[in-house]
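Each remark here refers to the structure printed beneath this line.
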Amino acid sequence: MKNTTLLLIAILFSISVKAQDKSSFSSMELNHIRVATPGLFSQNQSIYLHLDSLTEKDYVFPLAGGKVISAYGARKGHSGADIKTCAKDTIRCAFNGVVRMSKPYSAYGNVVVVRHANGLETIYSHNFKNLVQSGDKVKAGQPVGLTGRTGRATTEHLHFETRVNGQHFNPNIIFNLKDGTLRKGCIKCIKKGNGIVVKPNQDNDRIAQNNK
């Protein structure tokens with residue numbers, strides 16, 4: 001059981017994420033936000049994100065001291081959370097990962113997409129400037145951009161999204177957006193048809209998964 005738990009931790013949120021260069025991503029992955037992660041659900045219809053296994057150096061709230069000015073689901077299906085501090089403030093990567101996409105993209109403006117272990121992706125947009133490029137290996141806390149109002153935005157802020165297999169879900173499941181802290185639990189992501197259901201995992205489900 002101990003070995004299985006350690007293996008899951010290593011797979012889901014490895015401190016040392018395997019580097020990918022730009023050429024290893026497909027054209028779709030380099031140029032679009034809503035993209036499925038190849039092979040993510042090929043072995044199982046469920047994956048688990050063990051937030052409770054992360055240490056303080058493994059995660060960072062992307063915009064320190066930020067205040068949510070528009071929540072997930074607001075404004076006719078808002079796909080992320082808008083977080084504001086001041087213009088050109090430093091946006092930091094939430095977890096270790098690899099930059100999949102970094103470019104201007106429609107209403108998102110300048111956007112950075114980081115792929116983390118096991119398919120979790122975080123999106124940082126409306127940036128005044130992107131500080132990373134596709135293929136860059138990034139660490140939790142590393143600057144990835146500066147807050148701006150590029151794309152469809154009326155004020156300088158960070159539009160922050162969390163996605164699994166291309167589908168967005170409420171980032172408040174990962175972070176307590178009110179106080180900028182990481183949720184300490186296990187998140188279950190279930191593939192159902194073409195969609196993904198993301199929810200906090202029940203203790204019994206987690207124990208059963210770790211005993212497999």
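Values quoted throughout were computed directly from the atomic coordinates according to the rules given, and no laboratory measurement underlies them. Since we're looking at a predicted model, the values are computed, not measured. Cβ: placed from backbone, ideal geometry, glycine included. Neighbour counts: every protein chain shown.
State whether segment 2-210 is rounded, prolate or oblate according to the following rule on the C-alpha gyration tensor (a ≥ b ≥ c being the square roots of its eigenvalues): a/c under 1.5 gives rounded; otherwise a/b larger than b/c gives prolate, and the remaining case gives oblate.
prolate
Counting Lys and Arg as +1 and Asp and Glu as -1, what is the net charge of the other residues whose Cβ lies under 11 Å from the Cβ of residue 156?
+1
Summing +1 for each Lys or Arg and -1 for each Asp or Glu, what net charge is found among the other residues whose Cβ lies under 13 Å from the Cβ of residue 86? Please report the intermediate quantities before stating the final value.
Values: positive: 67, 84, 88, 149; negative: 89, 156.
It works out to a net charge of +2.
On a 32 Å Cα-Cα criterion, which of the cross-link pairs 103/191; 57/88; 88/184 come out too long?
On the way: 103/191 29 Å; 57/88 24 Å; 88/184 30 Å.
Going by Cα-Cα distance, every pair falls inside the 32 Å limit.
Could you please report the charge total around residue 142, scoring K, R as +1 and D, E as -1 over all other residues with beta-carbon less than 13 angstrom from its beta-carbon?
Charge balance near residue 142 sits at +2.
Checking the a/c ratio against 1.5 first, then a/b against b/c, what shape does the Cα gyration tensor give for segment 151-199?
oblate
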